[in-house]
Amino acid sequence: MSPITPGNYLPSEYLPIMILMIIAGAFGAGALIVGALFRIRRSYREKLMPYESGNPPIGEPRYRFSVKFYIIAMLFVVFDVEAVFLYPWALVYDKIGLYALIEMMLFITVLVVGYIYAWKKEAFKWD
Amino acid sequence: MNIPFPNLMPVAPEIIITVAASILLIFDLALRNKGPLAFLSLLAAGVTVYAIIQPASLGETFGGMFISDSYSVYFKLIFMVNLILTVLISLKYLQRQKAEYGEYYSLLLFATAGMMLMASAKDLIVLYLGLELMALSTYILAGIKRHDIKSNEAAMKYFLLGSFSSALLLYGISLLYGLTTTTDLYQIAAYLKQTGSSMPLLMSMTLIAVAFSFKIAAAPFHMWAPDVYEGAPTSVTAFMSVGPKAAGFAVIGRVFLMSAFQGMQADWTPILIGIAILTMAVGNIVALSQTNIKRMLAYSSIAHAGYALLGIIAGTEEGLHAMMTYLLIYAFMNIGAFAIVILLDKGDEIKDYEGLSKSRPLVAALMLVFMFSLTGIPPTAGFIGKFNIFMAAIKAGYTWLVVIAVIFSAISAYYYLRVVMNMYMKEMKQEAAIAPSPSLGLAILITVLMVFIIGIMPSVVIG
């Protein structure tokens, strides 16, 4: 395999994934097109109602969520991403050594500062 | 494989600022009175200035992703001036605005750390990291008056347009990486010297130029600036109109003149000339019709970005120096003007300044100095800044561009001097109330002294 230089890199290993994506897209679009061509068009009241898994729709379509959900979601993302970084770190830990340990300690310290802050600001309390 | 421990001396200023910001965040939880936090941030800024001016701090580190050279040191000092003056003017102002949150100081420090990273970035990834750190902190700062609907609007608009420009920057960076397989700015420059320009490269350069134009609020990417500057608390407006702008110029200078796109000067100069002319035109002409002084200063800051761009366009060492000096001078005179706006109890509208010279002669005289300096009238610093930048552009052969700039500069006199006319020639409607405090007084003293010192002895900032 030739070395990767600008202009000659073709990600050919990913070709099956690209084919899969094309088939998936064609399948979805094909189902819709075939359906639109052959289905019987007869509309009545129930059919034109918004689809809510078979239940009759209740209330406004725009529903306001409590802002607390967003805070919880944000905190989840932060600590989830932290975990994502920990996995590759653990894999190469023995190859990098002490430097990796110090580096990860610094990273976690920064997150702990944020954690204490969020805790004291009562971001984890629901009421 | 054993990775050697990186030399931390070049990043010491950034480390100090970041650690201080984290400590402030924790302290804030325990403190009811937020005054000490301001003094702690001043202390941190002082220590950082000391770390910046250490000759031992020059050099590269983190595998050549981070560079500390005389260019970045100069910009970091501008950021420190910005930080210190902002803390001084906001101390009492936040109490008055009932927006005294401890996070304010911590966010100022984080934003400054981001700007410093931008100035020192030798790698596109570090550049982007610094840009996001700065941008995210300033979005929150713009909306720090949580119960004020205008402040909310400012934060929202700034966030939406700012993230849009970040996306453009990332797109440009990814194209550049695809073309050169490296994110190191100087290696990109070396590679592009061999290959010359191509269509994808021009597209990448345009995207990056657009993203940076957003940050410096250059037309036609300036739309966010007036609304954000008007809605944000005045101290934050002062901070935003200097810091992120200087950081934007720092990366433009680094990416376009010193590294990556160095060899493509012929390609980007026409783009920047167009942006600069449009910026000066929009900034100066729209400022004429403003009635709110913060909006007026927002358009004036757009216009000043246009003048400073001339230094980049000149493309010479001298132009770069003139641009840096200009930004330092701009920091003093602009924050000074905002400090006066903060000093007045009611000073957001231009008509609030009517007859100020009768009720508060000293305040009016100080505002006069800052307005003269922004116009560029000697013996103030603003004159030196403009003179330098125009001279550099003329020497580089852009006389026609300087003629345009001078014409727009003359137009700008109308709206700056209208404030002066309101203060000195209109009848007083009511006694103007002021809200002085020692720290605000100190900030005004520093800025007015620097405006005169630089104006009379330009050698302190040049060379």
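Values quoted throughout were computed directly from the atomic coordinates according to the rules given, and no laboratory measurement underlies them. Since we're looking at a predicted model, the values are computed, not measured. Cβ sites come from the backbone with ideal geometry, for glycine too, and all protein chains shown count toward neighbours.
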Once both label points are put 7 Å beyond Cα along the C-beta direction, the A:Trp89-A:Tyr44 separation in nm becomes 6.2
Summarise the partner chain shielding of B:179-188 as one whole number: the mean count of Cβ atoms from other chains within 10 Å of each residue's Cβ. 1
Separation of the B:Phe27 and A:Leu32 label points, Cα + 7 Å toward Cβ, nm: 5.7
Any chance you could give the angle, 0 to 90 degrees and rounded to 10, that helix B:185-195 forms with the longest Cα principal axis of chain B? 50
Residues of the stretch B:1-32 with amide N under 14 Å of a point placed 7 Å along Cα→Cβ from A:Ile96: B:1-6
Report, to the nearest 10°, how far helix B:361-375 tilts away from the longest principal axis of the Cα atoms in chain B, using its own Cα long axis and a range of 0 to 90°. 30
So, over other residues within a Cβ distance under 13 Å of B:Ala189, counting Lys, Arg +1 and Asp, Glu -1, the net charge is +1
Residue range of chain B that is longest and free of trypsin sites (Lys or Arg not before Pro) which are both DSSP loop and sparsely packed (at most 13 other C-beta within 10 Å): B:147-345
Excluding same-chain residues fewer than 8 positions from B:Lys150, which lysines have a Cα within less than 26 Å of its Cα? A:Lys68, A:Lys121, B:Lys34, B:Lys92, B:Lys98, B:Lys215, B:Lys245, B:Lys294, B:Lys346, B:Lys351
Given +1 on the Cβ of Lys and Arg, -1 on the Cβ of Asp and Glu, and no further charges, what dipole in debye does the stretch B:12-460 carry about its Cα centre, rounded to the nearest 20? 740
How would you classify the stretch A:14-120 from its alpha-carbon gyration tensor, with a ≥ b ≥ c the square roots of the eigenvalues: rounded for a/c under 1.5, else prolate if a/b is greater than b/c, otherwise oblate? oblate
Using a basic spin-label model with each label point 7 Å from the Cα along Cα→Cβ, how many nm lie between B:Lys98 and B:Phe452? 4.0
Relative to the present Cα-Cα distance, how much length would full extension add between B:Tyr171 and B:Arg146 at 0.36 nm per residue of separation? 5.7 nm
Solution diffusion estimate, µm²/s, Stokes-Einstein, the protein assembly as shown, Kirkwood Rh from C-alpha pairs, 25 °C, viscosity 0.890 mPa s: 93
Given a Förster distance of 22 Å, report the FRET efficiency between B:Met258 and B:Leu58 from their Cβ-Cβ distance, rounded to the nearest 0.05. 0.90
